[in-house]
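The values are calculated or read from the model by the stated rules, or taken from the named source; none is laboratory data. All values derive from a computational prediction rather than experimental measurement. Here the Cβ positions follow ideal geometry from the backbone for every residue, glycine too, while neighbour counts run over all protein chains shown.
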Amino acid sequence: MRIVAFGSGRGSNFKAIHANIKSGTLQAKIVSVISDKESAMIEYAKKEGLEHKVFSIYSTRNEHEDRILNYLKSVGFDLVILAGYMRILSSNFITAIEKPILNIHPSLLPSFPGLHAQRQALEYGVKITGCTVHLVNEIMDGGRILAQRAVEVRDNDTEETLSQRILQQEHRLYSEVIRKIVQKEIMI
Ligand code: GRF
């Protein structure tokens, strides 16, 4: 399973996945790390000697996506994982990729899509939230759900404490889903 990872930020989900690949508990290979800016994820890729590429100069979303697609022509891959990638992909891009694209979101979708999902959950007052791994389609956080993990909201939770507990589950869940795809327990 040759994986291309997209991220814009700290990359903790990606690092958790990569740690499992390195320890041999996940049979996959990271063939490229793509970011829309210089980010902690790119720094990590450099440190780990992973192929990486930053696409930060462009004028329109089309141009940005075309550049990425052009680059990806030379990278054989089976799966794309979004790990904190802060851009919405166009349906043209999703079609042109021709491989499954996964995303992880810090809520139990379809509740609380979009930004600040943990804050949304606290503000709404739900007692259980969690995280979701789903396929990416043209609707934001709207693709087929592959797996979810519940996290209890505590009375004294802040956005930070809740996010932290959800993140611990994200780090497990994302690798579990990839493993199930590798082992054909999840068919896409
Ligand atoms: C995670 O909470 C993920 O669910 C969301 O963006 C955040 C990325 O965090 N899509 P990290 O970059 O993986 O640390």
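Checked against the criterion of being under 16 Å from the mean Cα position of the chain (by Cα) and polar (S, T, N, Q), the candidates S59, S91, S35 yield just one match: S35.
Of the residues in region 140-157, how many are assigned to a loop (DSSP other than H, G, I, E, B) and within 15 Å of the ligand (Cβ to nearest atom)?
Step one: filter region 140-157 for residues assigned to a loop (DSSP other than H, G, I, E, B), giving 140-144, 153-157.
Among the residues that remain, those that are also within 15 Å of the ligand (Cβ to nearest atom) are: 140-143.
Looking only at that region, the number is 4.
One residue stands out in region 1-35 among those that are farther than 18 Å from F77 by Cβ and among the charged types (D, E, K, R): the one that is farthest from the ligand (Cβ to nearest atom), namely K22. Looking only at residues in region 55-79 that are touching a helix residue (DSSP H, G or I) at 6+ places or on another chain (Cβ under 6 Å) and touching a residue at least 12 places away in the same chain (Cβ under 8 Å), which one is nearest to the ligand (Cβ to nearest atom)? The residue in question is F55. When region 122-140 is filtered for residues that are at pLDDT 95 or above and either loosely packed, with under 14 Cβ neighbours inside 10 Å or among the charged types (D, E, K, R) (or both), the ones remaining, listed by number, are E123, Y124, G125, K127, I128. Residues that are within 14 Å of the ligand (Cβ to nearest atom) and farther than 22 Å from C131 by Cβ within region 39-48 comprise I42, E43, A45, listed in sequence order.
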